[in-house]
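Written out below as structure tokens is the structure these notes cover.
Here, each number is a calculation from the coordinates, and none is a lab measurement. Just so we're clear, the structure is a prediction, and the values are computed from it rather than from any experiment. Cβ atoms come from the backbone with ideal geometry, glycine included; neighbour counts cover every protein chain shown.
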């Protein structure tokens, strides 16, 4: 690697780490009431995505957007809901019948129990993706483990929406070679469509 390329890489890594720390501190300060209120606004928007028959969701931690309301309503509407479970360095999603199928697992995050079957995404599956920071171009900064990026590299055609509070949308940075961008972003204040993949199915 050339010296200038190395300098750019190091500078970009520092910028991403700085954004990760700043936004995490800001999110940690949110009140439970505000998280609940804005999460409900986001869930209501997600429930408008009626053309999808299955959704990959997540269990919220540390003031992430809470998708419990969405998951419950989607199950009642006959949609398939799958949650992630980490096995070593790999993450897969598992189909649940209700939130009672979740138990505490990796990093104290609620995961599907061992009895839940693995779910394989299809053309009508939408993944709702957590993250610390997103750019309006769909780039994402997560927690540094790379579980979602690895999953999306295995299932490259899956539709992806970044789910976050509006202050988590930040100016663009240079993404890494293995980073996977979102097709759209949804916050309590706006919807950002990066390409036509999501818009076509609303």
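What angle do you read, to the nearest 10 degrees and between 0 and 90, between the alpha-carbon axis of helix 32-46 and the longest principal axis of the chain?
Rounded to the nearest ten degrees, it is 80.
For the chain, take the longest principal axis of its alpha carbons; what is the angle in degrees between that and the long axis of helix 3-28, to the nearest 10 within 0 to 90?
40 degrees
Which whole-number percent is the relative contact order of the chain (Cα, under 8 Å, 6+ apart)? Walk me through the intermediate numbers first.
Numbers: 345 pairs, mean separation 39.6, N = 202.
Relative contact order comes out at 20 percent.
In nm, give the distance between the simple-model label positions of residue 44 and residue 122, each being 7 Å from the Cα along the Cα-to-Cβ direction.
3.2 nm
Arranged by the count of other C-beta atoms within 10 angstrom, fewest first, what order do 116, 43, 127 take?
Values: 116 18, 43 23, 127 26.
Sorted ascending by nearby Cβ count, the order is 116, 43, 127.
Tell me whether the range 137-192 comes out rounded, prolate or oblate; compute the Cα gyration tensor, take square roots of the eigenvalues as a ≥ b ≥ c, and use a/c under 1.5 as the rounded threshold. Each step should come with its number before you reach the end.
Values: a/c = 1.96, a/b = 1.45, b/c = 1.35.
Cα axes put the range 137-192 in the prolate bin.
Can you give me the distance in nm between label points at residue 114 and residue 89, each placed 7 Å from the Cα along the Cα-to-Cβ direction?
Those two pseudo-labels are separated by 2.5 nm.
Would you please put 28-35, 57-64, 158-165 in order of how densely packed they are, using the mean number of other Cβ atoms within 10 angstrom per residue and starting with the highest? Don't jump to the answer; show the numbers that get you there.
Working: 28-35: 11.1, 57-64: 18.2, 158-165: 23.9.
Answer by packing, highest mean first, reads 158-165, 57-64, 28-35.
Quick check: residue separation of residue 51 and residue 15 times 0.36 nm, minus the Cα distance between them. What number comes out in nm?
Numbers: separation 36, 0.36 × 36 = 12.96 nm, distance 3.77 nm.
Full extension from residue 51 to residue 15 adds 9.2 nm.
In which sequence would 140, 20, 199 go, from the one with the fewest C-beta neighbours within 10 Å to the one with the most? Spell out each step's value before the answer.
Values: 140 23, 20 17, 199 12.
Neighbour counts put them in this order, fewest first: 199, 20, 140.
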